[in-house]
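Novice: The structure under discussion is supplied below as structure tokens; questions concerning it will follow.
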Amino acid sequence: MSETPDNFLGLPPEYCDPTCSRYAILPLPYEGTVSYKGGTAAGPAAIIDASKQVEKFDEELCDEYYEIGIATYPAVTAAADPAAQMKRVKEAASAIIGSGKFLLSLGGEHSLTAPLVEAVAAKHGPISVLQIDAHADLRDTYGGCGESHACVMRRILKITHRICQVGIRSVSREEYDSCQRQVANFITPTDIACSADWIERAMELLGDNVYLTIDIDGFDPALAPGTGTPEPGGLSWQQVLALIKEVACHRRIVAADIMEVRPIGPNHITEYLAARLAYKIIAYTQQPREKE
Ligand SMILES: [Mn+2]
């Protein structure tokens, strides 16, 4: 039996006390509308378990970023139906954001980003959303359900039109025809391979306050195979970090999530990548910001 505390990074009590931590990890083990392979409900616990192996010293920034406090909250349990689940997640998120913490949610299926963005917009006002994902998620309904993971960005368009979608390489005819403005703004892996200014383009699409949502399938499946729909041709670790670092430097990232992690043990590469990514977000958002 490991004696490492069961929280993000395995921190001792003085660094994970919810009353004085700057960061809040919120586990969302939910897969209510999963369309292909189940298993994302096990994602948050697997990420937290993997995080205990993550080095607390950041090799790139040459400092430690947990001393400001990272509290791991109890998981939001599954409700009877998708609408009730959305409400439950929004309430949990609102309570954390209301206490002034940086909310970093771990999923679980991507549909839950809609109530998270709602909660953040209610607190911070006009918000823009940076989505890293293989899929556009712009369907109006999917499988007869408007609360599906495949519809999450369509729901978010009702909250804000300032969305920047990076890594997209799977889109339906319906999405292509009905959301042409968003489609024109996609930053695809091909765009990234062919242009030096893709991060600048992303920045132009974002306002001052940014909600960052990362579907783990935005990465290349060679790096993150543990996800329901591993689309080939995804982003690299360095590309994703370069983007988040630049956004954190010039905008205010107010909250974030990492979704759709589906553990496929004994290969634990995906949850470990997600854990490192979560700590990178915590490190980057503590760096001083530069005004444009
Ligand atoms: Mn996706």
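The values are calculated or read from the model by the stated rules, or taken from the named source; none is laboratory data. Computed from a predicted structure; not experimentally measured. All Cβ positions, glycine included, derive from the backbone under ideal geometry; neighbour counts span all protein chains shown. Remember, those area values only see protein heavy atoms, side chains included, never the ligands or the DNA or RNA. Shrake-Rupley method; radii C 1.70, N 1.55, O 1.52, S 1.80 Å.
Novice: Highest first, please rank the peptides 206-213, 51-58, 104-111 by the mean number of other Cβ atoms sitting within 10 Å of their residues. Working shown, then result.
Specialist: On the way: 206-213: 21.9, 51-58: 15.6, 104-111: 28.5.
Result, highest mean first: 104-111, 206-213, 51-58.
Novice: Roughly speaking, to the nearest percent, how much of the chain's 1.4 Å accessible area is carbon and sulfur?
Specialist: Answer for the chain: carbon and sulfur cover 51 percent of the accessible area.
Novice: Work out how much length residue 53 to residue 184 would gain on full extension: take 0.36 nm times their residue separation and subtract the Cα-Cα distance, in nm to one decimal.
Specialist: 43.1 nm
Novice: For the chain, what is the accessible area per residue in Å² when the probe is 1.4 Å?
Specialist: 42
Novice: In Å³ and rounded to a whole number, note down the convex hull volume per residue for the Cα atoms of segment 1-150.
Specialist: Dividing the Cα hull volume of segment 1-150 by its residue count gives 144 Å³.
Novice: 7 Å from Cα along Cα→Cβ at both residue 124 and residue 140: what's the point-to-point distance in nm?
Specialist: If labels sit at residue 124 and residue 140, their model points lie 3.1 nm apart.
Novice: Roughly how many nanometres apart are two label points built 7 Å out from the Cα toward the Cβ at residue 204 and residue 238?
Specialist: Each label point is offset 7 Å from its Cα along the Cβ direction, giving 2.5 nm.
Novice: What number results when the radius of gyration of segment 138-188, computed over Cα atoms, is divided by 2.2 N^0.38 Å?
Specialist: Normalised Cα radius of gyration, segment 138-188: 1.06.
Novice: Starting from a Cα-only point model with no solvent, please compute log10 I(q)/I(0) by Debye for the chain at q = 0.07, 0.08, 0.11 1/Å.
Specialist: Values, matching the q order: -0.22, -0.29, -0.57.
Novice: A follow-up question, please. Taking all pairs of distinct Cα atoms, average 1/r, flip it, and tell me the Kirkwood hydrodynamic radius of segment 116-232 in Å to one decimal place.
Specialist: 14.6
Novice: Give the residues of segment 113-136 whose amide nitrogen is closer than 13 Å to a point set 7 Å from the Cα of residue 252 in the direction of its Cβ.
Specialist: From segment 113-136, the list is 121, 123-128.
Novice: Determine the alpha carbon to alpha carbon distance for each of 90/123; 37/245; 87/158 and list only those over 23 Å. Walk me through the numbers on the way to the answer.
Specialist: On the way: 90/123 12 Å; 37/245 32 Å; 87/158 16 Å.
As for pairs spanning more than 23 Å Cα to Cα, those are 37/245.
Novice: Something else about it: Between residue 289 and residue 162, 0.36 nm times their residue separation minus their Cα-Cα distance comes to what?
Specialist: Working: separation 127, 0.36 × 127 = 45.72 nm, distance 2.08 nm.
That works out to 43.6 nm of additional length.
Novice: Now for a different question. Of all DSSP beta bridges in segment 8-284, what percent run antiparallel (nearest 5)?
Specialist: Working: 4 of 36 bridges.
Just about 10 percent of them are antiparallel.
Novice: Can you tell me the order of 255-265, 143-153 when each peptide is scored by its average per-residue count of other Cβ atoms within 10 angstrom, highest first?
Specialist: Descending mean neighbour count gives 255-265, 143-153.
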